[in-house]
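The values are calculated or read from the model by the stated rules, or taken from the named source; none is laboratory data. Quick caveat, the model's predicted, so the values are computed rather than measured. Glycine also receives a Cβ, built like all others from the backbone with ideal geometry; neighbour counts cover every protein chain displayed.
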Amino acid sequence: MIFRQWKQVLDGTKTQTRRLRGDRDVFDTMMCVEPFRDTVFRKGVVKWRVGNTYAVQPGRGRPAIWIRPDGSATDTPLDEYVRKLESGTRRLWGPKVKVWLREHGYIEARIRITKIRRERLKDISLHFDDIQAEGVKKDILDVGYTWLMRWVKLWDSIYRKPYRWDDNPDVWVLEFESGSGL
């Protein structure tokens with residue numbers, strides 16, 4: 001799962017993310033078949049499911065974040081990995097690199113989804129705990145308005161029209177826990 005704020009995901013200050021709701025997304029909380037409860041589907045395929053884990057990525061097409069044996073995180077565990085990724089041959093050798101990383105003590109950074117809900121984007125303004133869970137830091141002198149404006153600025157830096165703050169799009173709220181051994 002792509003996170004611009006991946007460092008905050010890893011240090012636990014970001015425990016929630018909002019993602020645009022697609023026209024074909026379906027959220028199922030009512031199915032009797034247990035594996036499909038609390039699952040978001042897109043075109044009949046599972047997109048997100050409570051309890052599933054997902055690799056943390058710093059950007060689209062970028063390799064996952066890996067935790068070094070010394071405990072520090074890296075978004076480029078091997079220069080060769082990134083070079084191969086850009087040349088389009090990752091599919092051929094990627095699994096071997098992951099095996100090598102694991103053998104040398106690296107651990108893939110992952111999140112586990114704990115809760116999913118659907119809401120309008122501006123509903124976050126009613127819950128300052130949600131803004132904090134989104135990784136927006138609160139300064140001692142902050143009042144609610146400036147804290148909210150930091151969130152709005154972050155959202156608008158990621159999304160363009162018609163998905164900006166003022167457009168109040170439908171979003172999925174994914175709550176998660178992070179860890180390297182999930």
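Step by step: first the residues of region 46-71, then only those that are of a type in the set (A, V, I, L, M) and touching a residue at least 24 places away in the same chain (Cβ under 8 Å), then the one that is farthest from Lys98 (Cα to Cα). Which residue is that?
Val50
Which residues, taken from region 79-111, are buried (at least 17 other Cβ atoms within 10 Å of the Cβ), at pLDDT 60 or above and more than 19 Å from Leu10 (Cβ to Cβ)?
Once the filter is applied, which keeps residues that are buried (at least 17 other Cβ atoms within 10 Å of the Cβ), at pLDDT 60 or above and more than 19 Å from Leu10 (Cβ to Cβ), region 79-111 yields only Val97.
Restricted to region 112-142, and to residues that are at pLDDT 80 or above and either of a type in the set (Ser, Thr, Tyr) or in a loop (DSSP other than H, G, I, E, B) (or both), which residue is farthest from the chain's Cα centre (by Cα)?
Top of the filtered list is Val136.
Which of the residues spanning region 153-182 are surrounded by 13 or more Cβ atoms within 10 Å (Cβ to Cβ), touching a helix residue (DSSP H, G or I) at 6+ places or on another chain (Cβ under 7 Å) and at pLDDT below 90?
Hit for region 153-182 is Ser178, nothing else.
Could you grab me the full set of residues in region 48-64 that are outside any strand (DSSP E or B) and among the aliphatic types (A, V, I, L, M)?
Within region 48-64, Val50, Val56, Ala64 qualify.
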